[in-house]
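Inspection log for the structure reproduced underneath, given as structure tokens.
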Amino acid sequence: MIRLLSYIYPITKKIKSDYNGIVEITWYNGKKLLNSKNANFSYGSLEKILQVGFRNLDLSNCKNILLLGLGGGNVIKTLQQDYNYLHKITAIEIDSVIIKIAKDEFGINNSDKVKIICMDALDFVVKNTEVFDLIIVDLFIDDTIPTPFFTNNFWQHLTHTKQLLFNAALYVNNNESLQKIKQLLTKNAFVITQLDNVNKTNTLLIAKKTKL
């Protein structure tokens, strides 16, 4: 019934999050979305943006993916349903409320293929010893990427992977921090593709290692 009514008018439920303020679960035109105050967190414009990134990656040899920033689990569903990805995904999310929403509202649960960890992404990568074939960085508080995730300290810990996808920013495609990240990755044998104004908003960085 809610799905049908959403074609007439949006139906929204608001939930308070310690990290993201008030987030909204909205049924709109038969689809359930997760939004923060100023941005789509999952299943709306974000889905379209990341689809562009996935089309520029080689997923055929990926057996182990690290997702930094779970949101509503949009990335996991896209990989499994649209790309038939059947291997391991480890998802890191600092916000326990967002994890609960992903589970209760979108059916994203721990399984033999999916491991969800409630932890700060920077703490995780510093302590992590596992090697991943692909790392997806989608770390936003509302519509802003926290400063630590633009630092060389953070990115140096990601250089052991084969491929990287970074949802870099809203409306920003040439700032100094982004250039420093590109320089660091280039020094670590990555070839970088930068896609600007994806879905008329976001910048994506795609990095592929030329030698292991």
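The values are calculated or read from the model by the stated rules, or taken from the named source; none is laboratory data. These figures come from a predicted structure and were not determined experimentally. For neighbour counting, all protein chains shown are included, and Cβ atoms are generated from backbone atoms with ideal geometry for every residue, glycine included.
So that you can scan it fast, the table gives a plain yes or no per residue for (1) in contact (Cβ under 8 Å) with a residue 24 or more places away in the chain; (2) of a type in the set (A, V, I, L, M, F, W, C); (3) under 24 Å from T201 (Cβ atoms):
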site	(1), (2), (3)
A91	yes, yes, yes
N109	no, no, no
D133	yes, no, no
F154	yes, yes, yes
H157	yes, no, no
K182	no, no, yes
- request: Could you tell me which numbered condition L79 fails, if it satisfies all but one of (1) over 12 Å from the mean Cα position of the chain (by Cα); (2) in a helix (DSSP H, G or I)?
  value: (1)
message: Show me the strands (runs of 3 or more DSSP E) entirely contained within segment 129-199 in which 2 or more residues are over 17 Å from the mean Cα position of the chain (by Cα).
response: 190-198
message: Of everything in segment 29-84, what is closer than 23 Å to V191 by Cα, buried (at least 19 other Cβ atoms within 10 Å of the Cβ) and small (G, A, S)? Give them in sequence order.
response: G53
task: For segment 85-115, enumerate the residues that are surrounded by 15 or more Cβ atoms within 10 Å (Cβ to Cβ) and in a helix (DSSP H, G or I).
output: V97, I98, I99, I101, A102, K103, E105, F106
- prompt: If you take the residues in segment 26-50 that are touching a residue at least 24 places away in the same chain (Cβ under 8 Å) and part of a loop (DSSP other than H, G, I, E, B), which one is farthest from the chain's Cα centre (by Cα)?
  reply: G30
- request: Enumerate the pairs (first residue in segment 51-80 and more than 26 Å from S36 (Cβ to Cβ); second residue anywhere and at pLDDT 95 or above and assigned to a loop (DSSP other than H, G, I, E, B)) with beta-carbon separation below 6 Å, excluding pairs fewer than 6 apart on the same chain, so at least 6 apart or on different chains.
  value: C62/D133; K63/H87; K63/D133; N64/F132; N64/D133
message: Let me confirm something: among N64, N109, N84, which residue is polar (S, T, N, Q) and modelled with pLDDT of 95 or more?
response: N64
query: Give me the pairs: first residue in segment 5-25 and more than 16 Å from A39 (Cα to Cα), second residue surrounded by fewer than 12 Cβ atoms within 10 Å (Cβ to Cβ) and at pLDDT below 90, beta-carbon distance under 6 Å, and six or more apart or on different chains, which are they?
result: S6/G30; Y7/N29; Y7/G30; I11/I2
- request: Give me a count of the residues in segment 21-31 that are under 23 Å from L79 (Cβ atoms) and at pLDDT 85 or above.
  value: 2
message: Among the residues of segment 51-76, what is the count of those that are assigned to a loop (DSSP other than H, G, I, E, B) and charged (D, E, K, R)?
response: 2
query: Taking interchain pairs and intrachain pairs at least six residues apart, which have beta carbon atoms under 9 angstrom, with the first residue in segment 192-211 and within 13 Å of L57 (Cα to Cα) and the second aromatic (F, W, Y) and surrounded by 16 or more Cβ atoms within 10 Å (Cβ to Cβ)?
result: L204/F166; L205/F166; I206/F166; A207/F166; A207/F190; K208/F190; K209/F190
query: For the subset of segment 182-210 comprising residues that are more than 14 Å from T161 (Cβ to Cβ) and in contact with a helix residue (DSSP H, G or I) (Cβ under 8 Å, 6 or more places away or on another chain), which member is modelled with the lowest pLDDT?
result: T201
- request: Scan (1) under 23 Å from K48 (Cα atoms); (2) touching a residue at least 24 places away in the same chain (Cβ under 8 Å); (3) of a type outside the set (F, W, Y) for the single condition T161 breaks and write down its number.
  value: (1)
